[in-house]
Amino acid sequence: MSALALALHLVLAAPGPAPMGPAPMGPAPMGLAPPLDPGPFQGGELAAASLGVLAGDAAVVGGAYLTLRLFANGTIQPSAPNFRTLAYAVGAASLLVPPLTAVLLARWARAEPASGSVWRAYALALAGEVAALAAGYYASPRLWVVLPVQLVALGVGTSLGLHWGRHPRAPDGYPGSEAKHEPKDPPPARAPAASSANLPICPDPALAAAG
């Protein structure tokens, strides 16, 4: 369990894949919309999640086989408590490991920018794994049903979780951002119109001559 927690912590701390090409210098040009989330169910993400599911299943089966070899060689005492511990460990690993490996590979191949989170993707993938194990339980002894349900449910849940979130707000300088912000400086006040009572009155030339 500690190894799974350490692996998930390292994934959360690792930076995402860097975009291709040189980064643009200076502010974005006017008239161009900010980059938006392309949405879930991208082909690369689904393929990477499927590979993660297969890798997780292989890790669980391989670990169980090696443990059984240790029982057969006498390295681990073949007692009832030890077999019970093995059964609990294999059950927990089959529930936690395939969703984890699916999320790890899908995060590496995700389409950017992604507005979701790894925790949300792992929660949805874990729900998909529960559905796959339940399908295998009800379809027993046809346990091969687990694999196709895993590929579909974990791929969909992982991709949806990586892109399920609030889209970033358009920064200043993009169209539409002016309506969300008040202007920094108020517009200059107009000078009051001159009143007619304060204007000088030109005397009548005739009255000036009579005086």
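The values are calculated or read from the model by the stated rules, or taken from the named source; none is laboratory data. Bear in mind that the values here come from a model prediction, so they are computed numbers and not experimental data. Cβ placement follows ideal geometry from the backbone for every residue including glycine, while neighbour counts extend to all protein chains displayed.
Kindly provide the set of residues from region 116-141 that are under 19 Å from PHE41 (Cα atoms) and not aliphatic (A, V, I, L, M), ordered by number.
GLY116, SER117, TRP119, ARG120, TYR122, GLY128, GLU129
Restricting attention to region 61-111, and to residues there that are surrounded by 14 or more Cβ atoms within 10 Å (Cβ to Cβ) and assigned to a loop (DSSP other than H, G, I, E, B), which single residue is modelled with the highest pLDDT?
Taking the candidates together, the pick is ILE76.
Taking the conditions exactly as written (buried (at least 21 other Cβ atoms within 10 Å of the Cβ), under 18 Å from ALA93 (Cα atoms) and more than 12 Å from the chain's Cα centre (by Cα)), does ALA125 satisfy them or not?
Yes; evaluated as a whole, the condition is true for this residue.
Return the residues of region 40-60 that are surrounded by 15 or more Cβ atoms within 10 Å (Cβ to Cβ), out of contact with any helix residue (DSSP H, G or I) (no Cβ under 6 Å at 6 or more places or on another chain) and farther than 18 Å from PRO98 by Cβ; say none if nothing qualifies.
The answer is GLN42, and nothing else.
For region 117-144, what are the residues that are more than 18 Å from ARG107 (Cα to Cα) and of a type in the set (Phe, Trp, Tyr)?
TYR137, TYR138, TRP144
Hey, can you tell me all the residues within region 112-122 that are surrounded by fewer than 23 Cβ atoms within 10 Å (Cβ to Cβ) and in a loop (DSSP other than H, G, I, E, B)?
Passing the criteria: GLU112, PRO113, SER115, GLY116, SER117.
Considering only residues that are exposed (fewer than 15 other Cβ atoms within 10 Å of the Cβ) and assigned to a helix (DSSP H, G or I), which ones fall in region 133-146?
ALA134, TYR137, TYR138, LEU143, TRP144
Return only the number of the condition from (1) assigned to a helix (DSSP H, G or I); (2) surrounded by 15 or more Cβ atoms within 10 Å (Cβ to Cβ); (3) aliphatic (A, V, I, L, M) that VAL130 does not satisfy.
Answer for VAL130: the failing condition is (2).
For VAL156, state whether it is assigned to a helix (DSSP H, G or I) and closer than 18 Å to GLY39 by Cβ.
Criteria met by VAL156.
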